[in-house]
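The values are calculated or read from the model by the stated rules, or taken from the named source; none is laboratory data. It should be emphasised that the depicted structure is a prediction, and the values quoted were computed from it without experimental measurement. No Cβ is skipped: glycine too gets one built from the backbone with ideal geometry, and neighbour counts run over all protein chains shown.
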Amino acid sequence: MKLEGIHHITAITGDAPANVEFYDGVLGLRLVKKTVNQDDPTVYHLFHADDLGSPGADLTFFEYPGAARGRAGAGMVHRIVWRVSSAETLGFWSERLGRLGTRSELTGDSLLFADPEGLEHELGITTATDVPLTASSPEIPSEHALQGFDGVRAYSLHPARSESLLRDTLGFSGGQDGRWEAQGDERTGFYAHDPAPEQIQPRSGAGTVHHVAFAAQPQDEEAWRERLAAAGARPTPVIDRFYFRSVYFTEPSGVLFEIATIGPGFAVDEDAEHLGEGLSLPPRFEPLRERLQNILTPLPDPRAAEPAAPGEAPKAELRTT
């Protein structure tokens with residue numbers, strides 16, 4: 001069995017409309033699924049990804065309206081790393097982000113910036129041979145589109161405690177300088193440990209990562225759970241999330257991991273051409289639709305936005321469905 005790199009990364013936002021404006025309007029991702037947190041269906045679970053909602057490009061958010069800003073510390077992912085094609089692409093993003101009000105820092109062959117709630121991102125020039133996972137946007141030339149995840153960086157106080165689980169149980173390779181690789185037959189992704197800032201008290205909240213999920217073939221999910229249990233990782237049972245199946249556990253550094261299946265996928269209840277346009281509910285939540293539509297925050301649709309004046313972010317229409 002092999003893990004096919006990163007499946008998705010889930011973070012927290014306190015402002016879903018602004019979140020959609022940034023990730024879809026500014027970064028040019030596609031809102032491929034507008035659904036609810038299946039552990040708390042009164043709040044959104046939003047999925048931003050490539051045009052197809054492919055594993056390897058899904059950045060997802062739980063919205064807790066008005067949530068206080070969090071702070072990444074020991075046991076938390078603190079940076080999401082994306083693939084891009086070239087130095088020219090880094091220049092494109094440096095100019096675009098600055099023009100739209102987001103500060104960035106060009107450091108060699110990468111660009112660092114944070115979203116409006118403080119979640120750190122890095123764009124790095126890729127050497128991977130994986131198929132690029134891109135979203136089409138009228139404002140972003142295809143050669144400059146984000147190409148999916150390269151990996152994540154997490155803070156750890158005792159990274160050596162994680163080595164056995166990462167290498168022997170999950171099959172990651174490497175480990176030098178704290179960087180591990182999940183190398184599948186089709187996709188790869190890295191997971192890296194950085195020294196935790198000892199003076200920072202970690203706090204979950206808006207702008208922090210909730211968990212990182214790695215991709216598995218559907219037929220292997222139960223075997224992964226059994227392997228994790230045998231290693232003492234205390235995994236959950238396999239949970240049916242409708243769009244994929246999941247097993248959760250905490251790696252020894254404190255980061256919440258998930259193993260999520262490749263499929264069934266987001267087109268199971270929406271036409272692929274119209275992903276994310278309406279509120280999608282797994283069947284068990286369908287009886288709550290009317291109530292939820294009255295509770296959930298109206299969202300903008302950047303793809304239906306009015307043309308922006310020079311130097312302004314797009315003006316988007318609010319949608320409630």
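Details
- From the options Leu256, Leu275, Leu281, residue that is surrounded by fewer than 19 Cβ atoms within 10 Å (Cβ to Cβ) and within 20 Å of Gln38 (Cα to Cα): Leu256
- The number of residues in the stretch 282-300 that are of a type outside the set (Val, Ile, Thr) and in contact with a helix residue (DSSP H, G or I) (Cβ under 6 Å, 6 or more places away or on another chain) comes to 2.
- Qualifying residue in the stretch 193-208 (condition: without any contact (Cβ under 8 Å) to a residue 12 or more places away in the chain, under 30 Å from Gly118 (Cα atoms) and not charged (D, E, K, R)): yes
- Residue in the stretch 30-49 that is part of a loop (DSSP other than H, G, I, E, B), closer than 29 Å to Leu170 by Cβ and either of a type in the set (A, V, I, L, M) or modelled with pLDDT of 95 or more (or both) present: no
- Summed over the stretch 93-110, residues that are among the aliphatic types (A, V, I, L, M) and either without any contact (Cβ under 8 Å) to a residue 60 or more places away in the chain or closer than 21 Å to Leu52 by Cβ (or both) total 1.
- Each residue in the stretch 261-280 was checked for being within 20 Å of the chain's Cα centre (by Cα), in a loop (DSSP other than H, G, I, E, B) and not polar (S, T, N, Q), and 7 pass.
Yes or no, residue by residue, for (1) among the aromatic types (Phe, Trp, Tyr); (2) surrounded by fewer than 22 Cβ atoms within 10 Å (Cβ to Cβ); (3) touching a residue at least 12 places away in the same chain (Cβ under 8 Å):
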residue: Leu3; (1), (2), (3): no, no, yes
residue: His7; (1), (2), (3): no, no, yes
residue: Ala16; (1), (2), (3): no, no, yes
residue: Arg30; (1), (2), (3): no, no, yes
residue: Thr35; (1), (2), (3): no, no, yes
residue: Asp39; (1), (2), (3): no, yes, no
residue: Thr42; (1), (2), (3): no, yes, yes
residue: Phe62; (1), (2), (3): yes, yes, yes
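- When the stretch 175-210 is filtered for residues that are outside any strand (DSSP E or B), under 18 Å from the mean Cα position of the chain (by Cα) and under 19 Å from Glu120 (Cα atoms), the ones remaining, listed by number, are Ser204, Gly205, Gly207, Thr208.
- Qualifying residues in the stretch 44-60 (those that are surrounded by 21 or more Cβ atoms within 10 Å (Cβ to Cβ) and acidic (Asp, Glu)) - the one nearest to Ala182 (Cα to Cα): Asp58
- For the stretch 111-165, the set of residues classified as within 26 Å of Glu258 (Cα to Cα), hydroxyl-bearing (Ser, Thr, Tyr), touching a residue at least 60 places away in the same chain (Cβ under 8 Å) and surrounded by fewer than 20 Cβ atoms within 10 Å (Cβ to Cβ) consists of Ser164 only.
- Residue satisfying condition, being assigned to a loop (DSSP other than H, G, I, E, B), of a type outside the set (Ser, Thr, Tyr) and farther than 24 Å from Gly276 by Cβ, within set Gly98, Gly66, Gly118: Gly118
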